[in-house]
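K.L.:
There's a structure below that I have some questions on.
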Amino acid sequence: MTQFVQALVLGVLIGGIYALMASGLTLIFGVLRIVNIAQGAFLILVATFTWWLWRTTGIDPILASAITAPLMFGVGYLLYRLVIRRISDRPASMSVLLTFGLALVIEGVLNVVAGNKFRSATPAYFEQSFRVGDILLPKAQVYGFLAAVVVLGGLYVVLTRTWAGRAIRATSQNPSAAALVGIGATATAALAFALGSASAGVGGAILSVLYPFFPASHYDWISRLLGIVVLGGMGSLPGALTGALVLGLAETLTATYGSLQWSTLVFYLVIMAVLLVRPQGLFGARLREDAA
Amino acid sequence: MSFFRRLGRQHLIALVVLLGLIVYPVINPWQPYPQAVLLAMFLLAIQASSWNIISGYAGYISLGHSMFLGLGSYTAAIIALHTGVNPLWVAPLGGVTAVVVAVLAGSVVLRTRGHAFVIITIALLLSAQIVATNWDSLTNGSDGITLDLPFWSSDFQNIPFYYAFLLLLVLTVLFSAWIARTKFGTGLIAIREDEGKAASIGVNTTIFKILAYAASSFFIGVAGGVYAYYQTFLNPVGAFAILGSVLIVLAALVGGRGTLYGPVIGAFIVSLVNEGATVYGGSSQSRVLIMGLILVLVVLFLPAGLLPTAETVWRRRHPVQVEFTDQAGALSHDTAVVRDRLPVKEPGPVLEVRGVSKRFGGLIAVDGADLTVERGSITALIGPNGSGKTTLFNLVTGALPVDAGTITFDGRRIERLRPWTRGHLGLGRTFQVTRLFKDMTVLQNVVAPQPDGKLRTMFADAVSGAEAARARDLLDVVGLGAFAQQKAGALSYGQQKLVELAQVLMLAPELVLLDEPAGGVNPSLLGRITDVIRELNRDGVTFLVVEHNIPLVLDLCDPVYVFARGKCIASGPPARIREDPLVLDAYLGDDWRADAHA
């Protein structure tokens, strides 16, 4: 029983962190209709940078997201303005190829600059846990989860309480109508891409403590994030949260009762099973425009 | 000589290159290195050419296609390991494994449109690696499998492998060329250009996509079996490396995806660059950077790829007069056989809509609508903008699912059937804004529809033969036979409407739904359109027309149904509709009536 509760709690903690990582992907897809394959590479880029920052200055990796998030906001903004925007009028498949290319470039740069080896930031609390009754809560997971909740909460406030946020939601629901009421499509898209990248700024910082990583880890991460987003329904933020929790739980439960090696596979099997029953994902809606 | 002229310039060049590659090991036999480089080029070309079927023709990008090479390798190697059979003889089974996996995964993720596919292709590649690493008893886990050395004398070096891969490459290209010629290939391009439209003209998009994915996997799987024997060793990390997929995507993109020879040309170039980067660029780490940069640059600055870009330049330098073919055919043309499938039926309702509803969130677009279309009639559906006419069309043709109510077509309940099945039953439609496949020729557009779900129809020749002849015939019916070889996007709007009508007629429809046939069409063409509708109606085709041009409706149609706020408020012969107060009210509102009576 304790083991089960332990697995549940760990699953929720990991699910919250997954939710943060996937939120950027789904935000970008919602507004730009682009599947950003480079989102995983963003995470690894930030994790590597955070690791370097922690090694050289001793700044706590998770707190370092206060630095990495604004940095990634800027990187995302420039990337959109200089590169992504050039293909905004091309078929969707081209954006997949472009962001795939960007992911490779980031991987290649990390390989050349930082070297192809496993890393992991190990601050003092790395192997400590909080104890609640019989249940152990690893401190790193708890801090990561808290950071994720704070950022997701902030994102929610930005999206619902600010003009910029309303512009993003309007554009994601109906781009042409949003343009008609004076919402600049390019500015909104740049903002969404920048926000999505900034969320990877936090996600990557958390990743650097929780998981060992190396430049090519981004394939593993992007397929996980994409799985979450497909499960929840592309472009739906509540969907991403639910998908992240479901998959976080599935993964931890498999790791607890099955074996660690197969837990990633269970992840993909859950996705396939959901797609079999509900092809548009849990929260995905079939829109009027789909039929036109 | 005339044979070569008919063959075309591209095929001629390909033939010469092929001959050169066949004789190369004979004239330069003692050079293992260039042979190995050429061999790698063939292997990549096999993969890129296969990838092109699902991702080039059908437009569904696969980022994990090298998985099939690994699956083929493992299949052959595992059989060899456990039975002692030479892996070369069981290499075709590698192709079978690839096809089985493609069909299974495809039937899960290819049922819908959109992005799930690209995501699953990456996930599949990673999953395959996990399975190969952890299923020790079958695959030897991360230690990998070591195979026997080739059974032939070392004097032959790798020359047998050279010819094996060259043969597989030729087969792959021929296979791809054959697909492009069939209606299956035309259907795949239709899916790439506009999937919803493809479904409306009878293309079973799910089956087409799954078959395309399977077709794109077979030869890679076979090549994988041969490749395992060539390498004599395989392990999970090498067999399911994502860099292999990167090279495939890059090759097809550089050469020109969607073309026959583009992926092969691209594969030769990318393979050489890859070899150069390995020899001069140091580690495989920098290769990732180089390939990534090339991919970004190609997407940004050469999105069509080398071959199509070169073709465009060539065309500009050597302009060809547009051939207005088939003039004679058009002039000698009698009444076309539009419907030859069903015998003449008793009069009675062909379409019955009963209590059909559809809501989008809080908006009720169609609200318990009833409608009957009698066989042989030209029935009109009019109503103010936003009254739900087009949504009703979408419900009848299956582009949208109904929330409630029944739709009966020809005595058969159809509201739960897929769009293409309704097309096969004889239900066709045109769109308010024409949705032709703009990059296809007019003729290809008209050949594309699938009047039934049979495999024989699917793999019928689309370039010549009965289907193409019938398409030319229908183009003559709408008076556009002369434009058969033009790109559909180059035609005027009204002409496009006529082509779309010819396209629907290819389904041999019993009932055609026309969504604003007169919208945006100039008056002279309008006459042609109404003539065609009347002519077809005499031949037994029933029409349901949504139209805002009321004089045209009152002249052409009988009976007329009037829609307002999602349901039918009046129906009857045009003369009565013209006088109906309810109709005037719906169109012009209370103010007008108040003013009129004041």
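K.L.:
Tell me, in nm to one decimal, what length is gained between A:I67 and A:V149 on full extension, where the rule is 0.36 nm per residue of separation less the Cα-Cα distance?
P.N.:
Once the chain is fully extended between A:I67 and A:V149, it gains 27.7 nm.
K.L.:
Another question about this same structure. Assign one of three labels to the range B:47-240, namely rounded, prolate or oblate, based on the Cα gyration tensor with a ≥ b ≥ c the square roots of its eigenvalues; rounded applies when a/c is under 1.5, prolate when it is not and a/b is larger than b/c, and oblate otherwise.
P.N.:
Oblate.
K.L.:
A further question on this structure: Which of the lysines could a cross-linker bridge to A:K139, judged by Cα under 28 Å and excluding same-chain residues fewer than eight apart?
P.N.:
A:K117
K.L.:
A follow-up question, please. Once the piece of chain linking B:T146 and B:R354 is laid out straight, how much longer is it, given 0.36 nm per residue of separation minus the C-alpha distance between them?
P.N.:
68.1 nm
K.L.:
Which far-off residues, 5 or more places away or on another chain, put their amide H under 5 Å from the one on B:A570, with H placed in the peptide plane?
P.N.:
Amide H to amide H, under 5 Å and 5 or more residues apart or across chains, B:A570 pairs with B:V562.
K.L.:
Using the alpha-carbon atoms, what tilt in degrees (0 to 90, nearest 10) does helix B:242-255 show relative to the longest principal axis of chain B?
P.N.:
60 degrees
K.L.:
Can you list residues from other chains, or at least 5 along the same chain, whose modelled amide H is less than 5 Å from the amide H of B:L381?
P.N.:
Correct list: B:V545, B:V546, B:E547, B:Y561.
K.L.:
For chain B, rounded, prolate or oblate, judged on the Cα gyration tensor with a ≥ b ≥ c (square roots of eigenvalues), a/c < 1.5 rounded, else prolate if a/b > b/c?
P.N.:
Judged from the Cα gyration tensor, chain B comes out prolate (a/c at least 1.5, a/b above b/c).
K.L.:
Follow-up. Between A:V266 and B:D136, what FRET efficiency follows from the Cβ-Cβ distance if R0 is 22 Å, with the result rounded to 0.05?
P.N.:
0.75
K.L.:
Okay, next question. When B:H82, B:H65, B:H424, B:H548 are ordered from fewest to most other Cβ atoms inside 10 Å of their Cβ, what list results?
P.N.:
B:H82, B:H548, B:H424, B:H65
K.L.:
Another question, then. How high is the FRET efficiency from A:S129 to A:R278, r the C-beta distance, R0 41 Å, rounded to 0.05?
P.N.:
FRET efficiency, A:S129 to A:R278: 0.65.
K.L.:
Can you pull out the trypsin sites (Lys or Arg not before Pro) in the range B:419-525 that DSSP calls coil and that have at most 10 other Cβ atoms within 10 Å?
P.N.:
Hits after loop and neighbour filter: nothing returned.
K.L.:
State, as an integer percentage, the relative contact order of the range B:11-127 based on alpha-carbon contacts under 8 Å between residues 6 or more apart.
P.N.:
The value is 25 percent.
K.L.:
Sticking with this one: Using only Cα atoms and rounding to the nearest 10 degrees, what angle (0 to 90) does helix B:306-317 make with the longest principal axis of chain B?
P.N.:
60 degrees
K.L.:
When B:H115, B:H318 are ordered from fewest to most other Cβ atoms inside 10 Å of their Cβ, what list results? List each step's numbers first, then the result.
P.N.:
Values: B:H115 23, B:H318 7.
Ordered by Cβ neighbours within 10 Å, fewest first: B:H318, B:H115.
K.L.:
Taking a threshold of 19 Å on the Cα-Cα distance, which of the pairs B:K389/B:K438; B:K197/B:K487; B:K197/B:K438; B:K209/B:K358 fall above it?
P.N.:
B:K389/B:K438; B:K209/B:K358
K.L.:
For B:W178 and B:V85, calculate 0.36 nm times their separation in residues minus their Cα-Cα distance, and state this gained length in nm to one decimal.
P.N.:
Taking B:W178 through B:V85 to full extension adds about 30.2 nm, to one decimal.
K.L.:
For the residues B:E275, B:E510, B:E579, what sequence is obtained by ranking on other C-beta atoms within 10 Å, fewest first?
P.N.:
Going from least to most buried by this count: B:E579, B:E275, B:E510.
K.L.:
Can you tell me the orientation of helix B:205-231 relative to chain B, as the angle in degrees between its alpha-carbon axis and the longest Cα principal axis, to the nearest 10?
P.N.:
0 degrees
K.L.:
While we're here: Could you grab the relative contact order for chain B? Cα pairs under 8 Å, six or more apart, rounded to a whole percent.
P.N.:
16 percent
K.L.:
Give me, ordered by chain and number, the residues 5 or more places off B:E374 or on other chains with an amide H under 5 Å from its own placed amide H.
P.N.:
B:V350
K.L.:
With an 8 Å Cα cut-off and a minimum separation of 6 or more residues, compute the relative contact order for chain A in percent.
P.N.:
Details: 461 pairs, mean separation 107.3, N = 292.
In percent, rounded to a whole number, it is 37.
Bear in mind that the values in this text are calculations on the coordinates, not laboratory data. Computed from a predicted model, the values in this text were never measured in an experiment. Please note: Cβ atoms are built from the backbone with ideal geometry, for glycine as well, and neighbour counts cover all protein chains shown.
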